[in-house]
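The values are calculated or read from the model by the stated rules, or taken from the named source; none is laboratory data. Just so you know, these numbers come straight off a predicted model, no measurement behind them. Positions of Cβ are backbone-derived with ideal geometry, glycine not excepted, and every protein chain shown enters the neighbour counts. Keep in mind that these areas ignore ligands, DNA and RNA; they rest on the heavy atoms of the full protein, side chains included. Shrake-Rupley method; radii C 1.70, N 1.55, O 1.52, S 1.80 Å.
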4 protein chains.
Amino acid sequence: MEHRTLGRELSNWGRWGEADQLGTLNLLTPERRVEAARSIHVGISMDLSLPLDEHGPQLTTGSRGNPVHVMTRLPSAPADVGGFHYFDDALFLHLQGATQLDALAHVAYDGLLYNGVDLGVVTTSGATRLGVENLVGRISGRGVLLDIPRSQGRDSLGPGEPVTAADLDRAEMHAGVAVGPGDLLLVRTGWLATFTERGDRERFFAAEPGLDLSTARWLHERDVAFVASDNWGVEVSPSASGDAMPLHCVLVRDMGMPLGEMFVLDDLARTAASLGASTFHLSCAGLRVTGGVGTPVSPVVTF
Amino acid sequence: MEHRTLGRELSNWGRWGEADQLGTLNLLTPERRVEAARSIHVGISMDLSLPLDEHGPQLTTGSRGNPVHVMTRLPSAPADVGGFHYFDDALFLHLQGATQLDALAHVAYDGLLYNGVDLGVVTTSGATRLGVENLVGRISGRGVLLDIPRSQGRDSLGPGEPVTAADLDRAEMHAGVAVGPGDLLLVRTGWLATFTERGDRERFFAAEPGLDLSTARWLHERDVAFVASDNWGVEVSPSASGDAMPLHCVLVRDMGMPLGEMFVLDDLARTAASLGASTFHLSCAGLRVTGGVGTPVSPVVTF
Amino acid sequence: MEHRTLGRELSNWGRWGEADQLGTLNLLTPERRVEAARSIHVGISMDLSLPLDEHGPQLTTGSRGNPVHVMTRLPSAPADVGGFHYFDDALFLHLQGATQLDALAHVAYDGLLYNGVDLGVVTTSGATRLGVENLVGRISGRGVLLDIPRSQGRDSLGPGEPVTAADLDRAEMHAGVAVGPGDLLLVRTGWLATFTERGDRERFFAAEPGLDLSTARWLHERDVAFVASDNWGVEVSPSASGDAMPLHCVLVRDMGMPLGEMFVLDDLARTAASLGASTFHLSCAGLRVTGGVGTPVSPVVTF
Amino acid sequence: MEHRTLGRELSNWGRWGEADQLGTLNLLTPERRVEAARSIHVGISMDLSLPLDEHGPQLTTGSRGNPVHVMTRLPSAPADVGGFHYFDDALFLHLQGATQLDALAHVAYDGLLYNGVDLGVVTTSGATRLGVENLVGRISGRGVLLDIPRSQGRDSLGPGEPVTAADLDRAEMHAGVAVGPGDLLLVRTGWLATFTERGDRERFFAAEPGLDLSTARWLHERDVAFVASDNWGVEVSPSASGDAMPLHCVLVRDMGMPLGEMFVLDDLARTAASLGASTFHLSCAGLRVTGGVGTPVSPVVTF
């Protein structure tokens, strides 16, 4: 099915009002947050972010690079010797360069963003609507891990391999969990190890396994609030239709769902398996950049 | 008392091993995290960070500045018209410029950092020990708000006004809470409104109300894991002794406690008062900058 | 006259070949460079650039900001004391933020750049054609100062005041010089003092005196290689037609002439007057940024 | 000879006054500039800088990196279609990362900079004395190329190979030129081809051929104003004594001579040989960064 047709069918435009800037995060209600707290049983905590440094996933040739960290205050010798010292630092970073969050202003087609907002709201000064500042502090609730390869008795998926709605069903059954309204869904493909374990940045970005277009309806029916994956773009690449990022179009622009990319899920999957738990508390805070279209994020899981 | 003497008395060096890089975050145990989940009752969520943009608190004349946000991908007309678009952005930021976290490598005196680590581990390449990457994802537990001015029937404290251990006791009693091991303590002074409401950056940085040296023993006795405030440096400035940042010296370097600065606490205080709740779940995730000595942070509270 | 009509008349497209990337800098021939050397008589040298620091001309609210300078290497105490030290630094800068050069890829209209190049050559990766790397090292020849207000017995022009072809004629006569092929023309309006002497950034950018559309033919007839001024955009603003930057359109896109902006000309004018010399050697080297559309520049004058 | 002893002998401290910030650039007098103009005979012009982009010489692992270029203004579709467009860009760069100039504040030993200035003048805010803003626009005069390998019938020197005073004499004789007061000296070793032609960054930085300590007296006796080379540090590395950068110590700190590094000299050498000319006009303008300790530079040669 063409993504425009599907997008019209699954559209959430107007569902939470004309002025809405939260999209599917509206589904993460206070009730859901209270329930999410009940997913904390043993108090084990983990961070799902890649390190931010010059050895990050980005190639030197793309339009996104790895961050540059500089120290801006070191002790001035010899005046400071023996006394109080403090150190400061600064960072230049592409907001989409590592573990990150796509804001609703990140994706448009046919001239429009989510909720029918004209893409002209995004200028060199940033996004005056649907910017990332609306999302920061909101993505905190029940996380659910669906480990696709593990549910199929494999370690990881291969490049270009689609994850279908049926695959999600199977992984859900394997996890013994029911994905429902307001959940923060983490879909593991195993693809990030291409970079984290094998250091092959070229291969990592050339293609990827990921969600195919059929999963949009699945996510919509369950009223999932947010989906993230351990690949660079959530969705399978290349797409079946050959379109550029058709699932981004439907999820972000039509349904109003922010996406999480390059989440580190391998350790999480091992811990989840050893604990026999597929749900947990998840908090995805990033930078409250005014008018930002994305942000690096350090997702914190607590079992 | 001189801060060196006090620092020796309250020192946590070696308490969690010679190689420890977590300091008082060791006190935030799995048990504490499980208990923290019980602080979530109504599911109301808030973010405690300042916006990251050119209108931030920094003066143009200091060594820290406000962030520079640039868009690095906007649609190229006319080729993209009608099709899929995405936007990217980048940020240059001083890591200590707004709502932020001091890593244990941020502060030294007499040539040493926490746990006796030589300050030479911090070079132009960053910190090879005690960097902020050790903390990210760890500061998630029970938050407690002590609202100093409110406990005294006032709106805010004045510049240079100390918050003493006795003031903490009084605010604790007023809040009807017992601050204990592993707690994440937020101390409200009301000072941030100097910038957020009155826009007076000069006055904001010239001095500040904050914790005085007597609070170090209080924090140590309670085994607090982390303390943050709504001022620029947690501690009162100028200090009583005239030393530069004596409480930083004791808390960060001797006790191994990370600090949170410029936390936005006014809305939190109003919500806490209206809910009659001084405890909540708090998650302070920042950027996992390898070797960073600090990070911007977006603290997420859930009542 | 409408700028499109004028642009077609004065077009240099194809004049130096289909693949040309130098535009009017082709007019700065070896012969002209040899002649330029004869403008050096007394060996007095001056730099025409604004300082690059946080006190630069840019407002904090625009899409261009002032540069951020950070020290990235300071001595690490106490290890380095007594021995060899070196210091390093880094800079984040908007390339159009202060004294600067517009590359031919900086300006387009009707979808095309100079020589009919599609504007799609400029992407998030920079300009694959007509970038600033083609110009660096080329703008070195005979400089000529036309001091418009001085030729009219005034100190400076006012906001929105046009400089016409007749004004250039009069200033040329006043200077006792004949502007000719390959010359590097500096047009003084006195406007920069709005910022440099009176610190009024708002007024400086709100409008400006500068060249009007009639000067395009004048510059074309003389075969001037390059024109710069002491305002922010060379041309008068607002324009007579109400169009955005019509002279940029004709000069840069139709004629292929790079432009220099925010050149510091007040000291130069005083020196020129005291020496009775309106010509000099001028070298405008900038940064050889691959694919850059502009560069900061430090123009060096030698009388 | 130990560099401290030599430094004392060749010291220029006080030679141009206690407050001097120009060092040997004082030797580049108006008379010299007038004479320099006589080196222009044929009007051929060249730029001696490396491109500034992500493919620069820096390794990803050092404290200096290659520049990051981002486009900050691209046309916003579809509003701009058909009309006027302009493009903007920004750059993050380490000032010492490619073809560059060391300011006098770049090097200290025994706690002092040139002219006895305390190294404490360089702080996180930059250098309040001896900064690069003093030099920009001053390095414009007669350039002389001494091609060391060519004078010895070779293509290039090898790593760690010293260039001695005797080698300079021999190259001078080969060039048929007398290096004298105020000259801007370019010493070719052929080493830069390790990076520019063979792309071997590791080898390029591991060691280098260059000037040894004996050349300091040679440069002092001739009253050379400035010396640059086609390696990363002007001087041979490792040094004979095993000291870190002993020639930097003598030239920059004791004699007050700015240095040029990573100058691209291979094309220049070929042109010079074909023209039979070893002298030319040279202008080395960089960025006027207030308090900078170095700057990228685009040296412009005119024969």
Are any residues in the stretch C:146-176 closer than 24 Å to C:LEU275 by Cβ, among the aliphatic types (A, V, I, L, M) and either open to solvent by less than 50 Å² (accessible area, probe 1.4 Å) or part of a loop (DSSP other than H, G, I, E, B) (or both), and if so, which ones?
C:LEU146, C:ILE148, C:LEU157, C:VAL163, C:LEU168, C:ALA171, C:ALA175
For the stretch D:74-86, which positions are at pLDDT below 85, facing chain C (nearest Cβ under 7 Å) and open to solvent by 40 Å² or more (accessible area, probe 1.4 Å)?
D:PHE84
Whether any residue in the stretch C:37-57 is open to solvent by 40 Å² or more (accessible area, probe 1.4 Å), among the hydroxyl-bearing types (Ser, Thr, Tyr) and either within 20 Å of the chain's Cα centre (by Cα) or more than 22 Å from C:ALA206 (Cα to Cα) (or both) is what I want to check.
no
Looking only at the stretch A:103-114, which residues are under 22 Å from the mean Cα position of the chain (by Cα) and surrounded by fewer than 24 Cβ atoms within 10 Å (Cβ to Cβ)?
A:LEU112
Could you pull out the residue among C:ARG270, C:ARG288 that is of a type in the set (D, E, K, R) and more than 17 Å from the chain's Cα centre (by Cα)?
C:ARG270
Could you count how many residues in the stretch D:209-254 are touching a Cys at 6+ places or on another chain (Cβ under 9 Å) and within 24 Å of D:GLN21 (Cα to Cα)?
2
Hits in the stretch C:1-25 - residues which are under 25 Å from D:PHE280 (Cα atoms) and out of contact with any Lys or Arg (no Cβ under 8 Å at 6 or more places or on another chain):
C:THR24
Checklist (1) in a helix (DSSP H, G or I); (2) open to solvent by 70 Å² or more (accessible area, probe 1.4 Å) applied to B:TRP13, failing item
(1)
Out of curiosity, is B:ASP89 facing chain A (nearest Cβ under 8 Å) and buried (at least 24 other Cβ atoms within 10 Å of the Cβ)?
yes
Can you say whether B:MET71 is touching a residue at least 24 places away in the same chain (Cβ under 8 Å), assigned to a strand (DSSP E or B) and either under 20 Å from the mean Cα position of the chain (by Cα) or buried (at least 21 other Cβ atoms within 10 Å of the Cβ) (or both), as far as the supplied structure shows?
no
Give the number of residues within the stretch D:100-134 that are in contact (Cβ under 8 Å) with a residue 24 or more places away in the chain, in contact with a Leu (Cβ under 7 Å, 6 or more places away or on another chain) and assigned to a loop (DSSP other than H, G, I, E, B).
3
Cβ-Cβ under 8 Å, sequence separation 6+ or interchain: first residue in the stretch B:231-250 and within 15 Å of B:LEU101 (Cα to Cα), partner open to solvent by less than 10 Å² (accessible area, probe 1.4 Å) and among the β-branched types (Val, Ile, Thr). Which pairs?
B:ASN231/B:THR189; B:VAL234/B:VAL187; B:VAL234/B:VAL227; B:HIS248/B:VAL107; B:HIS248/B:VAL234
Tell me the residue from B:GLY137, B:GLY143, B:GLY97 that is under 16 Å from B:LEU259 (Cβ atoms) and either in a loop (DSSP other than H, G, I, E, B) or open to solvent by 10 Å² or more (accessible area, probe 1.4 Å) (or both), please.
B:GLY97
Restricting attention to the stretch B:88-110, does a residue exist that is of a type in the set (Gly, Ala, Ser), closer than 21 Å to B:THR24 by Cα and at pLDDT 95 or above?
yes
If a residue must be modelled with pLDDT of 95 or more and of a type in the set (Asp, Glu), how many such residues does the stretch A:118-134 contain?
1
Going through (1) closer than 26 Å to B:ASP230 by Cβ; (2) more than 7 Å from chain A (Cβ to nearest Cβ); (3) under 22 Å from the mean Cα position of the chain (by Cα) one by one, B:GLN152 fails only at (3)
So which residues in the stretch C:20-62 are in contact with a His (Cβ under 8 Å, 6 or more places away or on another chain) and facing chain D (nearest Cβ under 9 Å)?
C:VAL34, C:ALA36, C:ALA37, C:SER39, C:ILE40, C:LEU52, C:ASP53, C:GLU54
Note on D:SER125: of the conditions (1) under 20 Å from the mean Cα position of the chain (by Cα); (2) at the interface with another protein chain (Cβ under 7 Å from one of its Cβ atoms), unmet is (1)
Can you run down the residue pairs with Cβ atoms below 9 Å, 6 or more apart or on separate chains, where the first is in the stretch C:1-20 and over 13 Å from C:HIS220 (Cβ atoms) and of a type in the set (Lys, Arg) and the partner is assigned to a loop (DSSP other than H, G, I, E, B) and open to solvent by less than 90 Å² (accessible area, probe 1.4 Å)?
C:ARG4/C:ASP110
Matching residues, the stretch A:126-177, being among the acidic types (Asp, Glu) and farther than 18 Å from A:HIS220 by Cα:
A:GLU133, A:ASP147, A:ASP155, A:GLU161
Taking A:THR5 as meeting all but one of (1) closer than 29 Å to C:THR123 by Cβ; (2) open to solvent by 30 Å² or more (accessible area, probe 1.4 Å); (3) outside any loop (DSSP other than H, G, I, E, B), write down the number of the exception.
(1)
Name the residues in the stretch B:202-212 that are crowded, with 18+ Cβ neighbours inside 10 Å and closer than 22 Å to B:LEU52 by Cβ, would you?
B:PHE204, B:PHE205, B:GLU208
Open to solvent by 10 Å² or more (accessible area, probe 1.4 Å), among the small types (Gly, Ala, Ser) and more than 13 Å from chain C (Cβ to nearest Cβ): is that true of D:SER229 in this structure?
no
Of these, D:GLY199, D:GLY176, which one is in contact (Cβ under 8 Å) with a residue 60 or more places away in the chain, small (Gly, Ala, Ser) and more than 30 Å from C:LEU52 (Cα to Cα)?
D:GLY176
